[in-house]
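Inspection log for the structure reproduced underneath, given as structure tokens.
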Amino acid sequence: CHKQISENFHYKTNMATTSGPNTSLANAAITLTLFILPIIYLSRKQRRIARERQEERSFLLSLSNPSSPPLRPPLPSIVRRVLSRCRFAYLSTVDVDANSSHLSLMRFTYLPDEEIIVMSTNRKTKKYDILEKQSGVSLLVHDFSEGDSRELTGEYSITLNGNCSLIHDVELAERYRAAHLRNNPDYPQFIVGDDIAILRVDVHSARICNINDQVIRWNVNNISKS
């Protein structure tokens, strides 16, 4: 019995000695992988952002060239990128009864596949009452810093004009609501609820201004530059 115990002890000791270096190497490999992967991810992300910024600068520099081609639908790539980066917009509606405008700070979600902007609002608000009467709206979006976001360049301000629809179709509204909530997960109080209406904006024109006060106009039907 003592001999068997002694043999088992020596076997386990030998196994620990044999497997020890392999285990250490495996742990070192895992640690190295966990250290390198975030660096690779950040490096690729920074290169992508730098490439996009360079493309946008080249795009705006081309505006000074009178032979450059006009902007055509769909939305210009610079508008799509800014809309994809940002979450805040200023929504301007027209109060026909009071003969004045109404301004609201909104969180929005851009759906690039459909080229629409989704927002939400409580039905017991002035802007909801206004939108029931008329659908014309303006949206001001800019990519100036919203906290510590490295993807916001602080270079562009874009005014969008379009038609804002109140979505009454339940299935469509819930699809838009789900996408809007995924994009703004910290603000369900403004997105989910029986009294929360879903809004859809179809853009038909835009004015794009960069930090050097260069402006370009885009329109679904009539393209022009200034």
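The values are calculated or read from the model by the stated rules, or taken from the named source; none is laboratory data. Quantities reported herein were computed from a predicted structural model and do not represent experimental measurements. Reconstructed Cβ throughout: ideal geometry from the backbone, glycine too, with neighbour counts over all protein chains shown. The accessibility values were calculated without ligands, DNA or RNA, using every heavy atom of the protein model including side chains. Shrake-Rupley method; radii C 1.70, N 1.55, O 1.52, S 1.80 Å.
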Considering only segment 199-220, how many residues are open to solvent by 20 Å² or more (accessible area, probe 1.4 Å), part of a strand (DSSP E or B) and in contact with a Gly (Cβ under 8 Å, 6 or more places away or on another chain)? 3
For Val137, only one of the following conditions fails: (1) more than 17 Å from Arg87 (Cα to Cα); (2) open to solvent by 50 Å² or more (accessible area, probe 1.4 Å). What is its number? (2)
Qualifying residues in segment 185-198 (those that are touching a strand residue (DSSP E or B) at 6+ places or on another chain (Cβ under 7 Å) and surrounded by fewer than 16 Cβ atoms within 10 Å (Cβ to Cβ)) - the one nearest to Ile78 (Cα to Cα): Tyr187
Pairs only if they're at least six apart or on different chains, beta carbon under 8 angstrom, first in segment 182-202 and farther than 21 Å from Leu139 by Cβ, second charged (D, E, K, R) and exposed (fewer than 14 other Cβ atoms within 10 Å of the Cβ); list them, first residue then second. Asp195/Arg123; Asp195/Lys124
